[in-house]
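Undergrad: Got a structure here, written out as structure tokens. Questions coming.
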Amino acid sequence: MKRKRKNFTKQKPVMTAAKALLIILTAVYPFFMTVMTGVGILSKSENYGKTISGYAVALILSGSALTGAAILCLFRKSLPNLLSVSIAVPGFALCMAALSRLAGHAEKAGWMGHGAYALMPVADMYRQRILPVILPFLLTCIIAAVQFFSYSAGEERREKRRRKEYEKNAPAPKIIDS
């Protein structure tokens, strides 16, 4: 019996470009800016206290979740794309909540930058570094949705159901040769 080869379709150039842009944006914003901001705050946690350290941990977790979601979204299978969105949404919500609380605390305390950022409020610096996480989050959700609802992914799911149904209703093998 001949086995059918899977029909692998090439990915559209727009999707390839979107995934390349996603990798670059993810490396810069959720991974580098968000996680490293959290690590920087944690490295001086004895100066900030438990509350601010908690926000730092939330930034690290959310940046890691968004990075993981972006990596899952690179695969063309349905399950990783579904997982990608289900990880990205809570990761993004956690990131924005931590940013809001951290910036609010920095404004109340009147924190000002030093060195090259001497005249800049720390809350504005946090916003400039972490708010662009919106771009990779949206791109992750869009790419995952397009891949999940694409025709080829739908065909794969339909074919899998057909095979399962056939196996369930397949005729029993003959017991006695006639």
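Undergrad: Just name one of 152, 105, 137: the one whose Cα is farthest towards the positive end of the charge dipole of the chain (beta-carbon charges, Lys/Arg +1, Asp/Glu -1).
TA: Highest projection toward the positive end goes to 152.
Undergrad: Based on Cβ point charges of +1 for Lys and Arg and -1 for Asp and Glu, what charge dipole magnitude is obtained for the chain about its Cα centre, in debye rounded to the nearest 20? Intermediate results must be reported in sequence, preceding the final value.
TA: Numbers: 25 positive and 9 negative charges, 258 e Å.
Dipole size: approximately 1240 debye.
Undergrad: How about the range 84-175: which GluC sites (Glu not before Pro) there lie in a loop by DSSP and see at most 14 other Cβ atoms within 10 Å?
TA: Numbers: sites: 107, 155, 156, 159, 165, 167; in loops: none.
Answer in residue order: no site qualifies.
Undergrad: Kindly put 130, 176 in sequence by how many other C-beta atoms sit within 10 Å of each C-beta, fewest to most.
TA: On the way: 130 24, 176 4.
In order of increasing Cβ crowding within 10 Å: 176, 130.
Undergrad: Report ³J(HN,Hα) in whole Hz for each residue of the range 91-102, in order, from the Karplus equation J = 6.51 cos²θ - 1.76 cosθ + 1.60 where θ = phi - 60°; Gly and Pro get x.
TA: x, 5, 4, 4, 4, 5, 5, 5, 4, 4, 5, 5
Undergrad: Also: I'd like the trypsin sites (Lys or Arg not before Pro) in the range 101-178 restricted to DSSP loop residues with at most 16 other Cβ atoms within 10 Å, sorted by number. All intermediate terms of the calculation are to be shown ahead of the outcome.
TA: Values: sites: 101, 108, 127, 129, 157, 158, 160, 161, 162, 163, 164, 168, 174; in loops: 174.
Answer in residue order: 174.
Undergrad: Tabulate in residue order the Karplus-calculated ³J(HN,Hα) for the range 35-41, using 6.51 cos²θ - 1.76 cosθ + 1.60 with θ = phi - 60°, rounded to whole Hz; enter x for Gly and Pro.
TA: Coupling constants for the range 35-41: 5, 6, 5, x, 5, x, 5 Hz.
Undergrad: Grab the DSSP H runs of the chain that are 4 residues or longer, score each as -39,500 (n - 2.57), total them, divide by all residues and round the 222 nm result to the nearest 500 deg cm²/dmol. Walk me through the intermediate numbers first.
TA: Details: 8 runs with 124 residues, N = 178.
After summing the helix terms and dividing by the residues of the chain, the value is -23000 deg cm²/dmol.
Undergrad: Then there is this: For residue 10, which lysines qualify as cross-link partners when the Cα separation must be under 28 Å and same-chain residues fewer than eight apart are set aside?
TA: 2, 19, 77, 160, 164
Undergrad: Further question on the same structure: Any chance you could give the angle, 0 to 90 degrees and rounded to 10, that helix 134-148 forms with the longest Cα principal axis of the chain?
TA: 0
Undergrad: Just checking my list (i) 92, 36, 20; (ii) 63, 31, 25; (iii) 71, 32, 22 against Cα extents along the principal axes in Å computed from this structure; which label fits?
TA: (i)
Undergrad: Follow-up question, since we're still on this one. Could you order peptides 36-46, 115-125, 71-81 by the average number of other Cβ atoms within 10 Å of their residues, highest first? Mind showing how you got there, number by number?
TA: Values: 36-46: 14.9, 115-125: 12.6, 71-81: 18.1.
My ranking of the peptides, most packed first, is 71-81, 36-46, 115-125.
Only the coordinates and a few stated rules stand behind these numbers; no lab work does. Nothing here was measured: the structure is a model prediction, and the numbers come from that model. Please note: Cβ atoms are built from the backbone with ideal geometry, for glycine as well, and neighbour counts cover all protein chains shown.
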